[in-house]
Structures are given as C-alpha cells and as structure tokens.
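Okay, so here's the structure we're looking at.
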Amino acid sequence: MEFFASFTSIKLRSHLCKYLLANDDRQTVRQTTKASAEGAIWSVEFVEGKIGAIRLRSCYGRYLSASDLNFLLGATGKKVTLQTKYEKVGAPWSVEWEPVRDGDRVKLMSWCGTYLRGNGVTPPWRNSVTHDEPRFSSTKGWILWDVEAVDETPKYCLLMSRRTWSMSNSSDEFSASGKSSPATPKSVRRSSTFQLKSCSAMDFFRNAKTVRLRSHHDKYLVADNDEESVNQDRSGSSKTARWSVEFASGASSDSIIRLKSCYGKYLTASNQPFLLGMTGRKVLQTLPRRLDSSVEWEPVREGSQVKLKTRYGNFLRANGGLPPWRNSVTHDIPSRTATQDWILWDIDVVEIQVQSANHKAATIEHMDSLDFNPSSPPSAAGKSSNYSKLESTDSTVSLPPKSDGRTIYYHVADESGDVDEDTVEGSSFMFKGNGVEELTRKMEEETGIKGIIVCTRNPLNGNLYPLRLQLPPNNATMHVVAVPESSKLGKDFEKQRLL
C-alpha cells in the first residue's frame with residue numbers, strides 16, 4: 001500500500017516496459033509503450049472499511065475490473081475490463097484490488113485471488129491484460145508492476161528505492177513535518193511506512209555511482225563503441241548504457257553533474273550542428289584536457305523524471321521519427337508540443353554509494369530486469385536486487401555480478417516463417433543450459449507454442465538455419481528466432497533433416 005498512499009494518480013508499467021492503458025472504447029484495457037497516453041493515467045481510490053484495498057479509476061471515470069469471463073476459450077486467464085463500481089456484472093468487489101509488495105514492485109490481487117497480468121509473446125496474448133495465477137516460472141514476472149507517480153503530494157515526494165529515493169521503516173506513520181497526513185487512511189498509516197522529505201532533481205543522483213538514462217521512447221542512452229558518438233538503444237544490459245556520476249567542484253557543485261561513459265569519456269554538449277540548418281547540436285563523448293562547461297549538466301526535476309540542462313539553456317534530447325533523427329541524441333530546446341517529452345529521462349540507479357558512520361564507502365550494485373530474467377520475481381532474480389558489497393578504507397570497489405546463465409533474445413516467426421525484427425518488439429530470458437534440446441523446451445515454455453525449431457541467422461546472408469549442435473561457450477548472449485514446426489519454413493527444415 002505504501003506505493004499508493006502518497007499519490008492520487010499513477011501509471012503502472014509491466015515487465016515489458018509497457019503501460020497499462022484504458023482503451024478509448026471505455027470497456028477494455030491493454031498495454032502500450034506510450035507513457036504519455038491519457039489512458040495510461042489511473043486515479044487511486046481507497047476502499048472504505050477495507051484495509052489494504054484500492055480501486056483504480058481510468059480517465060474515463062470507469063474502474064479497472066477483474067471479470068469472470070475467459071480471455072480465450074480453454075485458457076486460464078480471465079478478462080480485465082472497465083466498468084462502474086455500481087454495475088452488477090462481476091459484482092462491486094470486482095473493481096477492488098489488493099496491492100502485494102514484491103521487492104520494489106507490486107502485484108495487484110483481485111477479489112478471487114488471481115493477479116493482474118501483463119501478457120507478452122505472440123498475438124492474441126501480446127499487449128493483452130488478464131488476471132490469472134501464473135503456473136510457469138517463466139511467467140512469474142508477468143504479474144509484477146512498477147508504480148510511477150503522476151500526481152504527487154504538494155511539497156513532499158516518496159523516496160523510492162529504484163532511484164536514489166530511500167526508504168525508512170523507523171516511523172509508524174507517514175511523516176511530513178512530524179505529522180501524519182489527514183488524507184491518508186489509518187489502515188495505510190499502520191503499515192510499514194516511508195519517510196517523506198523535500199525532493200529535488202539532484203536527489204536522483206545524490207548517492208548514485210552509476211546510472212542508466214531511459215528516454216521517452218523507452219530506449220537507453222548508450223555510448224557508441226567508436227568512443228565518440230552516443231545514441232539510443234533498447235538494450236540497457238550493455239556496459240555502454242552505464243554512466244558514472246561525478247559532481248562538479250566549485251560554488252555550484254550542489255546542482256551540477258558530469259556523466260562518464262564506460263570508455264572513460266564525458267557526455268559532452270558540443271557546438272556542432274547535428275544537421276545543417278537544424279537547431280539541434282551534437283552530443284558526444286569526449287575527454288577534454290580541461291573539464292569545462294560543455295561536460296556539465298544541471299538536472300531539472302519534472303515530476304518523477306529529469307531534464308538535463310546544459311550551461312547554455314539547452315536540454316539533452318532523445319530524438320525519434322525517421323532516420324537520421326531516429327535513435328539520435330542532441331541538445332536543444334523543443335519548439336513543438338509533440339517533442340516536449342523528448343527531453344525527459346527516467347533515471348535507473350545501477351550502483352549506489354553509501355557513506356557509513358566511520359566514513360567507509362560501500363557500493364551496492366543493483367541489477368534490474370534488463371540484466372536478468374524479466375520473467376522472474378524480484379525475490380529470486382530479475383528486477384529486484386542482486387547485491388554485492390565490498391568495503392574499503394581507501395576506495396570504493398564493486399564486485400562483478402554473479403553469472404546467472406546467458407541472455408537469450410528471441411523473436412517468433414509467423415505461419416509463413418517470416419519475422420519482422422525491425423518493427424516487432426522481441427523478448428528475452430536467462431538460460432543456464434548448453435543443449436539445443438533444453439533451449440527448445442525453454443523456448444516452448446516462454447512462447448506457449450508447442451513444437452518449435454530454434455533458429456539463428458547466418459552472418460553472411462542473413463538466412464535462418466536451425467541450431468543442431470551445442471550452444472556457444474562462455475554463456476555468450478544469443479539472438480534466436482522461434483520457428484513453429486507447422487509453418488512453411490518449419491516444414492522445409494523438417495524435410496531437409498529427413499533428407
């Protein structure tokens with residue numbers, strides 16, 4: 001309940017980095033990557049007389065409801081719909097949900113003991129939302145949701161653990177100037193609570209050693225391996241998506257930071273135009289002889305996100321649209337309403353540096369779902385904490401994360417054997433085995449498709465070919481395609497094997 005007690009409006013983000021959306025038909029819900037969509041905002045209401053129960057009201061005034069209707073005939077998932085709490089369909093309690101905390105995320109339990117689930121893999125499951133009790137370990141993470149604040153309390157913000165926001169269980173009530181909020185129900189104030197305090201943009205970075213910056217397009221700021229340019233990429237698990245935080249020295253050091261890439265170079269706002277005749281300027285990674293204002297950024301808080309301003313008033317901007325703008329990063333002042341969100345960034349803290357009482361430094365390394373299995377619950381792996389800590393009197397040292405297998409990125413081919421990797425979003429999971437048969441069984445469990453052929457692409461001509469031998473050694477990351485045996489390409493592969 002502590003995730004909801006201090007906010008009147010929220011967004012719910014699934015393990016697929018998609019948001020729970022109320023469709024404009026005012027009856028159904030789905031997932032979307034557009035965080036700015038009006039239907040992605042949900043108002044939080046507490047249920048009178050019930051401890052730990054809430055309702056989620058959409059922008060259309062209708063409530064998120066767990067119905068008793070099957071999503072697909074023969075499947076276990078039930079439909080999640082929108083209804084008024086006074087409708088007889090599903091009874092009034094169908095619009096009531098009980099938040100269950102799981103690490104730094106929540107599960108929303110319905111009246112019948114099932115959980116709100118953001119589905120993935122192939123249509124008709126892709127982007128759908130149901131309520132169910134996951135039976136497979138690979139789908140355990142599908143019922144976990146990140147809670148993002150939209151409307152916060154006027155003067156205070158909840159310091160959340162995923163960023164530099166800290167939790168405190170020392171009080172029995174939500175504290176703001178030592179008094180509990182009169183708007184907060186007593187049932188909520190009795191639960192394990194958090195310390196609220198005045199929050200600024202620098203609090204996102206205050207104790208951070210390494211961060212990732214996620215753009216409005218759900219892509220990460222990455223340093224190119226040419227060690228000069230930067231761009232955006234969906235994969236945040238690479239070391240190129242990590243930026244070390246340094247605080248500038250001087251009178252204004254309390255509001256200025258520098259960001260250093262894995263190549264030891266600084267994020268730099270250059271004076272070079274990105275395209276001739278355009279206003280946007282290039283953002284590079286450089287190592288100047290003297291650290292000047294071009295490598296200094298001022299965080300400016302915007303709700304639960306941050307804008308990074310240069311000394312000359314421009315903002316770090318993640319561009320979209322068609323090439324050459326797509327995935328590029330510039331610094332500019334947005335002149336159109338449609339691009340206002342392009343300068344907003346989510347801050348994911350990877351390493352947090354905490355000073356102890358005897359001034360020893362401890363570094364806690366936090367790996368989220370982009371580094372581990374996105375389908376696993378936080379208590380085991382995935383988005384929750386996998387910490388390694390080492391204390392030293394002279395310097396701060398972090399231990400490398402323990403290997404948990406290899407990352408498998410995959411797409412699913414259609415009935416014709418085709419796969420559109422450019423427009424269709426892929427998925428990933430962690431795999432500990434080395435055999436093709438074992439990987440095939442795991443892929444069938446992940447995709448829900450019985451009878452598939454695991455394929456990879458020929459690096460010379462790009463054609464698909466089945467995996468027959470052992471997987472690459474040293475837990476190397478793999479990109480594969482699941483081809484159904486019933487598809488045209490799958491039948492061709494079977495014929496070739498028989499011959």
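Things worth noting here:
- Close contacts from segment 427-440, counting a first residue that is open to solvent by 30 Å² or more (accessible area, probe 1.4 Å) and a second that is modelled with pLDDT under 80, with Cβ to Cβ under 6 Å and a gap of 6+ residues or different chains, come to 432/405; 434/470; 434/471.
- Residue check, residue 20 within 29 Å of residue 340 (Cβ to Cβ), in a strand (DSSP E or B) and within 21 Å of the chain's Cα centre (by Cα): yes
- Looking only at segment 449-464, residues that are open to solvent by 60 Å² or more (accessible area, probe 1.4 Å) and out of contact with any helix residue (DSSP H, G or I) (no Cβ under 9 Å at 6 or more places or on another chain) come to 5 in all.
- Residue match in segment 237-258 (condition: outside any loop (DSSP other than H, G, I, E, B), modelled with pLDDT under 95, out of contact with any Lys or Arg (no Cβ under 7 Å at 6 or more places or on another chain) and open to solvent by less than 20 Å² (accessible area, probe 1.4 Å)): yes
- Candidate set: segment 106-119, residues that are at pLDDT 85 or above and farther than 17 Å from residue 57 by Cα; chosen: the one surrounded by the fewest Cβ atoms within 10 Å (Cβ to Cβ): 107
- Residues that are among the aromatic types (Phe, Trp, Tyr), more than 26 Å from residue 214 (Cα to Cα) and open to solvent by 30 Å² or more (accessible area, probe 1.4 Å) occur in segment 42-50; there is at least one.
- Test: residue 304 is in contact (Cβ under 8 Å) with a residue 60 or more places away in the chain, of a type in the set (S, T, N, Q) and more than 21 Å from residue 204 (Cα to Cα): no
- Looking only at segment 261-282, and only at residues there that are out of contact with any helix residue (DSSP H, G or I) (no Cβ under 9 Å at 6 or more places or on another chain) and not in a loop (DSSP other than H, G, I, E, B), the one that is farthest from residue 216 (Cα to Cα): 272
- Residues located in segment 81-105, provided they are in a strand (DSSP E or B), at pLDDT below 90 and among the β-branched types (Val, Ile, Thr): 100
- Segments classed as strands (runs of 3 or more DSSP E), wholly inside segment 452-499, with at least 1 members that are closer than 12 Å to residue 419 by Cα and touching a residue at least 60 places away in the same chain (Cβ under 8 Å): 478-484
- Members of segment 311-355 found to be under 17 Å from residue 219 (Cβ atoms), in a loop (DSSP other than H, G, I, E, B) and basic (Lys, Arg), listed by number: 326
- Residue within segment 437-447 that is part of a loop (DSSP other than H, G, I, E, B) and modelled with pLDDT under 85 present: no
- Unique residue being closer than 24 Å to residue 244 by Cβ and either at pLDDT below 90 or of a type in the set (Asp, Glu) (or both) when the list is 339, 363, 279, 286: 363
- Some residue of segment 419-428 being modelled with pLDDT of 75 or more, hydroxyl-bearing (Ser, Thr, Tyr) and within 26 Å of residue 139 (Cβ to Cβ): yes
- Which listed residue, of 14, 36, is among the polar types (S, T, N, Q), in contact with a helix residue (DSSP H, G or I) (Cβ under 7 Å, 6 or more places away or on another chain) and either open to solvent by less than 10 Å² (accessible area, probe 1.4 Å) or more than 22 Å from residue 93 (Cα to Cα) (or both): 36
- Residue 224 in contact with a strand residue (DSSP E or B) (Cβ under 7 Å, 6 or more places away or on another chain), closer than 18 Å to residue 269 by Cα and open to solvent by 30 Å² or more (accessible area, probe 1.4 Å): yes
- Among the residues of segment 472-499, just one is open to solvent by less than 100 Å² (accessible area, probe 1.4 Å), of a type outside the set (A, V, I, L, M, F, W, C) and in contact with a Pro (Cβ under 9 Å, 6 or more places away or on another chain), namely 490.
The values are calculated or read from the model by the stated rules, or taken from the named source; none is laboratory data. What you are looking at is a predicted structure, and each value in this text was computed from that prediction instead of being measured. Cβ coordinates were reconstructed from backbone atoms using ideal geometry, including for glycine residues, and neighbour counts include every protein chain displayed. Note: accessible area is taken over every heavy atom of the protein model, side chains too, but ligands, DNA and RNA are not part of it. Shrake-Rupley method; radii C 1.70, N 1.55, O 1.52, S 1.80 Å.
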